[in-house]
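The values are calculated or read from the model by the stated rules, or taken from the named source; none is laboratory data. Small disclaimer: the values here were computed from a predicted structure and weren't measured. Neighbour counts run over all protein chains shown; Cβ positions are idealised from the backbone, glycine included. Only protein heavy atoms, including side chains, enter the accessible area calculation; ligands, DNA and RNA are left aside. Shrake-Rupley method; radii C 1.70, N 1.55, O 1.52, S 1.80 Å.
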Amino acid sequence: MSGPILAIETSCDDSCAAVLAGDGSVLSNVISSQGIHDRYGGVVPEIAARHHLELLTPAIQSALSDAGLGLGQIERIAVTQGPGLIGALLVGVGQAKAIAAARGLPLVAVDHLQGHIAANFISPEPFEPPFICLIASGGHTLLARVEDHSSFITLGETLDDAAGEAFDKGARMLGLPFPGGPALEALAATGDADAFDFPTARNVKGCDFSFAGVKTALLYAIRDLGEKDAERRRADLAASYQQAIVEALVERLSRALEADGGDRVAIGGGVAANGSLRARVEALGVTSHIPARELCTDNAAMIASAARFLPDCSQQAALTLDAYPSGAQR
Ligand code: KG4
Ligand code: ZN
């Protein structure tokens with residue numbers, strides 16, 4: 001077992017740093033949210049990158065002090081290499097390279113989606129492969145077969161929007177703030193989920209997803225109700241919309257289990273923080289693992305967790321490491 005890992009995650013708008021002990025337990029997990037993007041109704045890439053420049057160093061300092069460690073006690077540096085916003089990623093990658101070079105520490109490059117899966121490997125209750133993992137975030141929605149700790153096989157993915165994007169856009173239509181997922185979930189809690197019948201794209205075959213239809217259905221429902229009634233029935237609209245997205249996710253997860261013959265599932269990504277999804281997955285009747293909410297939304301502890309099972313970069317690669325904006329390039 002190796003020593004503590006310091007990890008950095010800056011793929012979107014959260015400046016994250018964490019320290020994981022060699023046994024996979026979390027010593028610290030700092031998430032510095034930029035907040036600033038609410039006023040634009042979404043993340044502005046250039047602004048996100050600029051804020052990482054300000055927030056990342058203090059986040060790293062807090063992660064070290066929360067863990068009660070100095071840089072001298074860190075044995076490896078891990079960083080999200082992609083996919084994500086390129087400017088935002090480059091701030092994290094640059095910082096990680098600098099620390100690794102200055103301290104003579106090994107550097108580990110981590111894929112963000114592998115990180116979301118690895119949130120399930122964190123102690124004290126690590127979930128061991130093999131299992132099927134549903135990853136649903138703001139940028140990705142996919143089903144993965146996880147056979148070992150360091151890779152995954154994609155079984156299906158979204159053909160259009162990601163589930164988190166559907167939450168964010170639906171929330172915006174309902175006049176809720178960004179990020180929309182938590183706000184829509186809160187509003188849905190007071191509504192009737194059966195009030196409106198929104199589509200789950202059941203006709204999309206296999207383990208692929210589509211969220212364009214449910215988004216359009218919400219838009220039309222709001223338009224058909226008219227301003228006054230749409231306002232009066234906001235909670236019902238939110239609850240029905242959330243139910244359709246969650247149903248679509250769980251339906252594909254069930255299909256994947258059936259096709260694969262497995263009986264172990266895990267979830268990850270920001271949408272996995274949704275209470276309704278968590279309850280539906282728990283009720284599937286198979287062995288399930290659901291990470292704590294703060295390990296589902298973007299964080300650096302999951303990046304450190306993935307790094308535990310990945311090789312160090314070569315010395316040359318540690319100096320020349322570049323970020324990638326989309327697609328797995330592992
Ligand atoms: O994984 P994540 O933090 O960042 C990306 O990698 O994209 O996911 C962010 C997404 C956002 O779309 C946000 O609205 C959604 O996750 N989200 C939720 C909840 N919390 C965050 N969606 C539904 N319910 C939630 N409680
Ligand atoms: Zn993410």
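Using a probe of 1.4 Å on the protein chains alone, the accessible area found for residue 53 is around 120 Å². Using the Karplus relation 6.51 cos²θ - 1.76 cosθ + 1.60 with θ = phi - 60°, the per-residue 3J(HN,Hα) values for segment 170-180 come to x, 4, 5, 4, 8, x, 9, x, 8, x, x Hz, with x marking Gly and Pro.
Treating r as the C-beta distance of residue 314 and residue 50 and R0 as 22 Å, the FRET efficiency rounds to 0.10.
Note on segment 132-159 and segment 1-60: Cα centroid distance 22 Å, given to the nearest whole angstrom. Computed 3J(HN,Hα) for segment 235-243, one whole-Hz value per residue from the Karplus formula 6.51 cos²θ - 1.76 cosθ + 1.60 where θ = phi - 60°, is 5, 5, 4, 4, 5, 5, 5, 4, 4, glycine and proline marked x. Normalising by residue count, segment 1-114 has a Cα convex hull of 94 Å³ per residue. Taking packing as the residue-averaged number of other Cβ atoms within 10 angstrom, the listed peptides 299-311, 19-31, 122-134 run from highest to lowest as 299-311, 19-31, 122-134. Give me the percent of Cα-Cα pairs in the chain that sit more than 32 Å apart, rounded to a whole number. Distances greater than 32 Å cover 29 percent of the Cα pairs.
Cut-off under 18 Å on the C-alpha distance; same-chain residues fewer than 8 positions from residue 97 excluded. Which aspartates and glutamates are left, in chain and number order? Cα-Cα hits under 18 Å: 9, 54, 75, 111, 312, 322.
Sparsely packed loop sites in segment 44-133 (the GluC sites (Glu not before Pro) outside DSSP H, G, I, E and B with at most 14 other Cβ atoms within 10 Å) comprise 75. When the residues 148, 263 are ordered by accessible surface, computed with a 1.4 Å probe over the protein chains alone, the sequence from largest down reads 263, 148.
Spin-label model, residue 292 to residue 71: label points 7 Å out along the Cα-to-beta-carbon direction sit 2.8 nm apart.
Positive end of the dipole of segment 129-290 (Cβ unit charges, origin at the Cα centre): among 154, 269, 184, the Cα lying farthest that way belongs to 184.
With a probe of 1.4 Å, find how much accessible area segment 129-290 has per residue, and write the answer as a whole number in Å². Don't jump to the answer; show the numbers that get you there.
Details: 7040 Å² over 162 residues.
Per-residue value: 43 Å².
Quantify, in whole percent, the carbon and sulfur part of the accessible surface of segment 129-290 (1.4 Å probe; protein heavy atoms only). Spell out each step's value before the answer.
Details: 3440 of 7040 Å².
Within segment 129-290, the accessible surface is 49 percent carbon and sulfur.
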